[in-house]
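The values are calculated or read from the model by the stated rules, or taken from the named source; none is laboratory data. Not measured: the values here are computed from a predicted model. Neighbour counts run over all protein chains shown; Cβ positions are idealised from the backbone, glycine included. For the accessible areas, the whole protein counts, side chains as well, though only heavy atoms, and no ligand, DNA or RNA atoms are used. Shrake-Rupley method; radii C 1.70, N 1.55, O 1.52, S 1.80 Å.
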Amino acid sequence: MTGSFNYIPIIGLEIHVELKSNSKMFCGCRNDPFGASKPNIYTCPVCLGLPGALPVPNKKAIESTVKLGLGLGCEINRESRFDRKHYFYPDLPKGYQISQYERPFATNGRLQVTGYRLEKKTVRIRRVHLEEDTGKLLHRKINGEEVSLIDFNRSGVPLVEIVTEPDIRSAEEAKETAKKIHRIVRSLEVSDADMEKGSMRLEANISMFKGLAFEYKGQALPNYKVEIKNINSFRFLERAIEEEIERQRKILESGKEVKQETRGWDTQSMTSKSQRTKEEAADYRYFPEPDIPPISLSDDWISKIKTQISKLPEEIYEELIRAGVAEQAARIISANKDLAAKVQESTIKYNKVQKDEELEAKEIGNFGNWVLHHQLEVREKPAEELIYLFKQGKEGIVSDSEQLEGWVLGVIEDNPRAVADFKAGKQQAIGFLIGQVQRLAGGKADVKKVKEILLEKITNK
Ligand code: ZN
Ligand code: MN
């Protein structure tokens with residue numbers, strides 16, 4: 001870093017997700033581009049863009065979009081509509097994409113993001129809108145000639161676009177944000193969100209703010225941004241952003257301006273290349289789709305969808321941690337839908353039979369850890385039986401201070417980095433250390449006591 005100013009990265013994400021549904025977005029063709037045995041078998045006049053064909057919106061896809069909007073903490077717009085976005089490309093047979101511009105289904109969401117080295121932070125979601133995917137171009141060499149082939153199986157597949165506000169300040173934060181969105185999409189079961197196949201695709205927009213610190217309070221953002229497209233893994237997203245930050249920093253430090261443009265990430269060379277100088281929204285000549293009437297969503301309909309939303313893994317994780325479950329156990333349980341549901345059902349029932357509040361928190365913590373060590377049984381048995389089994393085995397729980405102290409001291413000795421992290425204020429590190437003690441104890445250490453002893457030993461060290 002040179003000069004008296006910092007350059008602060010201003011980063012936003014655009015994430016496209018192909019929705020699961022039986023049929024495509026605006027026609028009855030099958031939505032299964034990856035399972036198709038041959039190119040161009042799931043096509044009709046609508047998704048081939050033939051003149052006169054009329055689009056009919058897919059209700060399931062709208063439902064999934066609203067579900068996703070709710071999962072991302074958005075407001076759902078009661079009045080919504082589709083617009084035409086015009087641009088020319090061979091994979092877009094109509095010459096425009098049916099998308100949403102001024103009235104998307106969901107807006108103004110927020111997302112809590114935490115990573116290993118990150119503080120908790122909020123990334124605002126600007127919008128979640130529904131559109132259609134394009135066909136797929138295949139570049140081949142046939143009889144020594146370079147040709148481009150096109151497969152329309154993907155043309156018209158329902159596609160959701162999630163746009164964040166530029167609240168992200170580092171490549172790592174961007175990666176964590178994308179990962180969190182991925183987890184939410186998967187847990188809502190609206191898409192496979194398979195990055196390798198391309199059913200979830202990442203784009204980042206990056207610019208640099210010159211100043212000492214940037215905290216968005218309505219001040220003007222940089223007057224340019226560079227978009228990076230074609231990113232198909234979280235690791236490449238981080239790489240691409242790191243590289244772009246450096247590229248822009250060099251340009252700015254040499255006194256030049258950064259050009260507004262779209263760059264494509266190239267996995268072969270692991271670098272981004274300029275594709276085109278960026279269009280403005282006006283270049284797309286958006287206007288309301290005349291063949292689809294505006295869509296009104298009723299409060300009742302939205303409430304019904306709300307009830308279908310299961311708790312997100314992060315929420316379950318936070319709850320388990322609060323109940324005293326060791327971090328490692330909480331992570332595994334919350335990531336597994338069946339297991340998480342079983343633990344929740346059990347803890348609710350368990351809570352009802354417990355009277356003593358103090359005992360309750362401790363017991364649930366132990367229960368969570370017990371569950372992790374009996375995963376197979378847990379999956380097969382009803383909640384009542386699990387509670388019974390847990391109580392039976394409860395005698396096995398080690399709460400002998402001397403024994404626990406021995407494990408704790410060993411773990412502190414073997415994990416100086418986690419101890420240092422905790423001392424430096426990383427609260428999560430304590431969960432990791434508890435997990436290490438549990439490993440030694442075969443999951444039988446009394447969590448509450450372990451935590452007490454750990455805190456005491458670390459602070460007195
Ligand atoms: Zn079709
Ligand atoms: Mn889009």
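Tabulated data
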{"item": "Amide H partners (placed H, <5 Å) of I150, local residues excluded", "result": "L138"}
{"item": "Segment 184-299, accessible area per residue, ligands and nucleic acids excluded (1.4 Å, Å²)", "result": "55 Å²"}
{"item": "Interchain or long-range residues, amide H under 5 Å from R81's placed H", "result": "R103, I295"}
{"item": "For the chain, convex hull volume per residue from C-alpha positions, Å³", "result": "204 Å³"}
{"item": "Euclidean distance of C-alpha centroids, segment 39-78 and segment 181-209, integer Å", "result": "18 Å"}
{"item": "Largest-first ordering by accessible area, 1.4 Å probe, given options R169, R439, R186, R276", "result": "R439, R186, R276, R169"}
{"item": "Cα-based convex hull volume of segment 1-108 per residue, rounded to whole Å³", "result": "201 Å³"}
{"item": "Ranked order, K38, K179 - accessible area, probe 1.4 Å, largest first", "result": "K38, K179"}
{"item": "Accessible-area ranking of S274, S80, largest first, probe 1.4 Å", "result": "S274, S80"}
{"item": "More than 25 angstrom apart: percent of Cα pairs within segment 155-284", "result": "30 percent"}
{"item": "Percent carbon-and-sulfur accessible area, the chain, ignoring ligands, DNA and RNA, probe 1.4 Å", "result": "50 percent"}
{"item": "Greater than 24 Å apart at Cα, pairs in K179/K457; K210/K256; K342/K444; K120/K175; K20/K225", "result": "K179/K457; K20/K225"}
{"item": "With DNA, RNA and ligands ignored, accessible area of E289 (1.4 Å probe; Å², nearest 10)", "result": "10 Å²"}
{"item": "Test item: Cα-centred dipole of the chain, Lys/Arg +1 and Asp/Glu -1 on Cβ, debye", "result": "580 debye"}
{"item": "Segment 108-211: C-alpha pair distances exceeding 16 Å, %", "result": "67 percent"}
